[in-house]
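**Student:** Below: one structure in structure tokens.
The values are calculated or read from the model by the stated rules, or taken from the named source; none is laboratory data. If you're wondering where the values come from, they're calculated on a predicted model, not measured in any experiment. Cβ placement follows ideal geometry from the backbone for every residue including glycine, while neighbour counts extend to all protein chains displayed.
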Amino acid sequence: MRKIAPAGQWGWNEVLLNKIEYALRILVWQNTEDGHERHPQHTPEPFRPSFIPKPKKKKKEEVMDIDDLKAYLSKPRISAKVEANE
């Protein structure tokens, strides 16, 4: 069953312990010199087993005011034609 659904290896106990361990490492890190800097680095990463996928990075967000947004939305759109399979 572990080969079919590897995520089933971890129950609530393991997930909870993983979160507790990560929270403790964050608390310890906050008391270091690096944790007190204005732009801290080397923050602890949570442990991820091979069956838990790494979260995807967010796309860079754009900031624009209302007038720019209205101009952007009023641009003509290119319609994509779907060809029928014949």
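**Student:** Tell me, yes or no, whether region 29-43 has at least one residue that is among the small types (Gly, Ala, Ser) and under 19 Å from the mean Cα position of the chain (by Cα).
**Tutor:** Restricting attention to region 29-43, the residues satisfying the condition of being among the small types (Gly, Ala, Ser) are 35.
When the remaining residues are screened for being under 19 Å from the mean Cα position of the chain (by Cα), the result is none.
No: zero hits.
**Student:** Being of a type in the set (A, V, I, L, M) and either at pLDDT 80 or above or on the phi > 0 side of the Ramachandran plot (or both) is the filter here, so list the residues in region 2-61 that pass it.
**Tutor:** Hits for region 2-61 are Val15, Leu16, Leu17, Ile20, Ala23, Leu24, Ile26, Leu27, Val28.
**Student:** Any residue that is in contact (Cβ under 8 Å) with a residue 12 or more places away in the chain and of a type in the set (Asp, Glu) - is there at least one of those in region 49-70?
**Tutor:** No, because not a single residue in region 49-70 is in contact (Cβ under 8 Å) with a residue 12 or more places away in the chain and of a type in the set (Asp, Glu).
**Student:** Follow-up. Among Arg25, Arg38, which is among the charged types (D, E, K, R) and surrounded by 11 or more Cβ atoms within 10 Å (Cβ to Cβ)?
**Tutor:** When all the criteria are applied, what remains is Arg25.
**Student:** How many of the residues making up region 45-78 are among the hydroxyl-bearing types (Ser, Thr, Tyr) and farther than 30 Å from Ile26 by Cα?
**Tutor:** Number of matching residues: 2.
**Student:** Still on this model: For Ile20, are the conditions met, namely being among the hydrophobic types (A, V, I, L, M, F, W, C) and over 27 Å from Ala7 (Cα atoms)?
**Tutor:** Working: among the hydrophobic types (A, V, I, L, M, F, W, C): yes; over 27 Å from Ala7 (Cα atoms): no.
Spelling it out, it is not the case that Ile20 is among the hydrophobic types (A, V, I, L, M, F, W, C) and over 27 Å from Ala7 (Cα atoms).
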